[in-house]
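Enquirer: Let me give you the structure first, and then I'll get to my questions.
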Amino acid sequence: MTYQQISYEVHEQVATITLNRPEKLNAFTDVMRRELLGAFDATDADDEVRAVILTGAGRAFCAGADLSSGAGTFDYDSRDPESRATGLTEDGVPRDGGGTCSLRIAASKKPVIAAVNGAAVGVGATMLLPADIRLAGAAARFGFVFARRGLVPEAASTWFLPRLVGISQAMEWAATGRIFDATEAKSGGLVSRVVPAADLLATARELAAEIVHNTAPVSVAATRRLMWSMLSADNPFEAHRLDSRAIHGLGASPDAAEGVSSFLEKRPADFPGRVTTDFPDYLPPWP
């Protein structure tokens, strides 16, 4: 696939997806949305890809929606048909474009590491939420600014954000719509680490390399699905039912045999399982 507004590269089994409109602070467009969907389709389909890094080019991660259409930017009914091609909800209204992107990231079978290199505002903040690990450069800034634009948080963030940071912190950021720095993002639980800007991508790549060199692809994919799915489970008994099924299924797999053998023989593991063919079909669909 040829990309116009993102870049996509794979190196040492890690795919790096970069929002690539630096002259516009990587402002989000429908072209970018469609390309992100295609990129995550590509990472899922490629068994050589073990982890995904999502970052931005230039001095921003994503400064939010492209507002060049002016006051009618968020009036979906006034848009041209191509930019409204997100499908309809069961209520018959156009699907929120940011939501189609965040749900595709959530559905990834590969772990996603967000490396926030600069401003992450509006959809630039909400698309981070389904990432598994979020790192921030020291210069990163965040903002759930929707109430300041007469909107509500989009991209399914009213589901993701309170689960990640708690309802009180989520409401503080959403109700004020203020821009906050990386230190506040870490103290609030939005990111796990703040690192010097020069070290951001290297840190993300080190984390990805830990996954690539030490874990079974199918195990990581199944773990990701279980973790996110169980956020909305009513009780731990549902988790126990599913992890029992997974332990039973994967415990008899060649991957489990290799994991134990390599440990006992004190050598690196060479897991034969592939996500495209061996992902457990009994795990809950997501989304």
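Enquirer: Every residue in the stretch 255-271 that is surrounded by 14 or more Cβ atoms within 10 Å (Cβ to Cβ) and not polar (S, T, N, Q), please.
Expert: Once the filter is applied, which keeps residues that are surrounded by 14 or more Cβ atoms within 10 Å (Cβ to Cβ) and not polar (S, T, N, Q), the stretch 255-271 yields Asp255, Ala256, Glu258, Gly259, Ala269, Phe271.
Enquirer: Output the number of residues of the stretch 120-136 satisfying the condition of being touching a Lys or Arg at 6+ places or on another chain (Cβ under 7 Å) and not hydrophobic (A, V, I, L, M, F, W, C).
Expert: Here the count works out to 1.
Enquirer: Take the residues of the stretch 19-56 that are in contact with a helix residue (DSSP H, G or I) (Cβ under 7 Å, 6 or more places away or on another chain), assigned to a helix (DSSP H, G or I) and modelled with pLDDT of 95 or more: which is surrounded by the fewest Cβ atoms within 10 Å (Cβ to Cβ)?
Expert: Within the stretch 19-56, the match that is surrounded by the fewest Cβ atoms within 10 Å (Cβ to Cβ) is Ala45.
Enquirer: Here's something else I'd like to know. Which of the residues belonging to the stretch 208-219 are surrounded by fewer than 21 Cβ atoms within 10 Å (Cβ to Cβ) and not small (Gly, Ala, Ser)?
Expert: If the condition is that a residue be surrounded by fewer than 21 Cβ atoms within 10 Å (Cβ to Cβ) and not small (Gly, Ala, Ser), then Glu210, Ile211, Val212, His213, Asn214, Thr215 are the ones that fit.
Enquirer: Out of (1) over 17 Å from Ser187 (Cβ atoms); (2) of a type in the set (Val, Ile, Thr); (3) out of contact with any Cys (no Cβ under 9 Å at 6 or more places or on another chain), the odd one out for Ile167 is which?
Expert: (1)
Enquirer: Restricting to the stretch 151-192, count the residues that are in a helix (DSSP H, G or I), of a type in the set (Val, Ile, Thr) and under 13 Å from Val121 (Cα atoms).
Expert: Matching residues across the stretch 151-192 total 0.
Enquirer: Of the residues Ala198, Ala182, which single one is crowded, with 18+ Cβ neighbours inside 10 Å and aliphatic (A, V, I, L, M)?
Expert: Ala182
Enquirer: Which residues, counting only those in the stretch 128-150, are part of a helix (DSSP H, G or I) and out of contact with any helix residue (DSSP H, G or I) (no Cβ under 9 Å at 6 or more places or on another chain)?
Expert: Arg149
Listed here are the residues, each with its yes/no results for (1) at pLDDT below 95; (2) of a type in the set (S, T, N, Q); (3) part of a helix (DSSP H, G or I); (4) on the phi < 0 side of the Ramachandran plot.
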| position | (1), (2), (3), (4) |
| --- | --- |
| Asp77 | yes, no, yes, yes |
| Ser83 | yes, yes, yes, yes |
| Thr86 | yes, yes, no, yes |
| Glu90 | yes, no, no, yes |
| Gly98 | yes, no, yes, yes |
| Ser102 | no, yes, yes, yes |
| Ile105 | no, no, yes, yes |
| Lys109 | no, no, no, yes |
| Ala114 | no, no, no, yes |
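Enquirer: Tell me yes or no: at least one residue of the stretch 160-171 is surrounded by fewer than 19 Cβ atoms within 10 Å (Cβ to Cβ), assigned by TED's automatic domain parsing to the domain that holds Asp96, free of Cβ contacts under 8 Å to residues at least 40 places away in the same chain and touching a helix residue (DSSP H, G or I) at 6+ places or on another chain (Cβ under 7 Å).
Expert: Yes.
Enquirer: Can you tell me which residue is farthest from the chain's Cα centre (by Cα) among those in the stretch 138-159 that are of a type in the set (Gly, Ala, Ser) and surrounded by fewer than 24 Cβ atoms within 10 Å (Cβ to Cβ)?
Expert: Residue satisfying both the conditions and the ranking: Gly150.
Enquirer: Which of (1) buried (at least 21 other Cβ atoms within 10 Å of the Cβ); (2) in a loop (DSSP other than H, G, I, E, B) is the odd one out, the single condition Ala125 does not satisfy?
Expert: Every condition holds for Ala125 apart from (2).
The values are calculated or read from the model by the stated rules, or taken from the named source; none is laboratory data. Just so it is clear, the structure is predicted and the values come from calculations on it, not from any experiment. Methodologically, a virtual Cβ is constructed for each residue, glycine included, from the backbone with ideal geometry; neighbour enumeration extends over all protein chains shown.
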